[in-house]
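The values are calculated or read from the model by the stated rules, or taken from the named source; none is laboratory data. All values reported here derive from a predicted model rather than from experimental measurement. Cβ placement follows ideal geometry from the backbone for every residue including glycine, while neighbour counts extend to all protein chains displayed. Please note that ligands, DNA and RNA were not included when accessible areas were found on the heavy atoms of the full protein model with its side chains. Shrake-Rupley method; radii C 1.70, N 1.55, O 1.52, S 1.80 Å.
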Amino acid sequence: QVQLVESGGGLVQPGGSLRLSCAASRTIFDRGAMGWYRQAPGKQRDLVASISVGGSTTYSDSVKGRFTISTDNAKNTVYLQMNSLKPEETAVYYCNAVFLPLKWGRGTQVTVSS
């Protein structure tokens, strides 16, 4: 079973930036599009960004223009560059295959606060 390990979260001030990484124990790109999700306390897990095998990206309206998803196929890693972060984006961030999901990793906590 492929394991997903998210990292790169932390405490950042409003307006700050973070770069999240999602490392897989083996290739994941045979599962199609990959995505980054987030789950705030008491809320459902939402997809915020995805990238297809061909490199096409999609973003939720709330993050469009501020977040960038990318991959390094050689490293089996998916990245999420997050800029201009807002307090309401405090959440645990996860990655997974969008259409053929794997077992969820533990996620990485992002806290946006002054």
### Task
Among the residues of region 8-32, write down those that are over 14 Å from the mean Cα position of the chain (by Cα) and open to solvent by 40 Å² or more (accessible area, probe 1.4 Å).
L11, Q13, P14, G15, S25, R26, T27, D30, R31
### Summary
When (1) at negative phi; (2) without any contact (Cβ under 8 Å) to a residue 12 or more places away in the chain are applied to G42, the one that fails is (1)
### Message
Tell me whether region 77-87 contains one or more residues that are farther than 22 Å from S25 by Cβ and among the small types (G, A, S).
### Response
yes
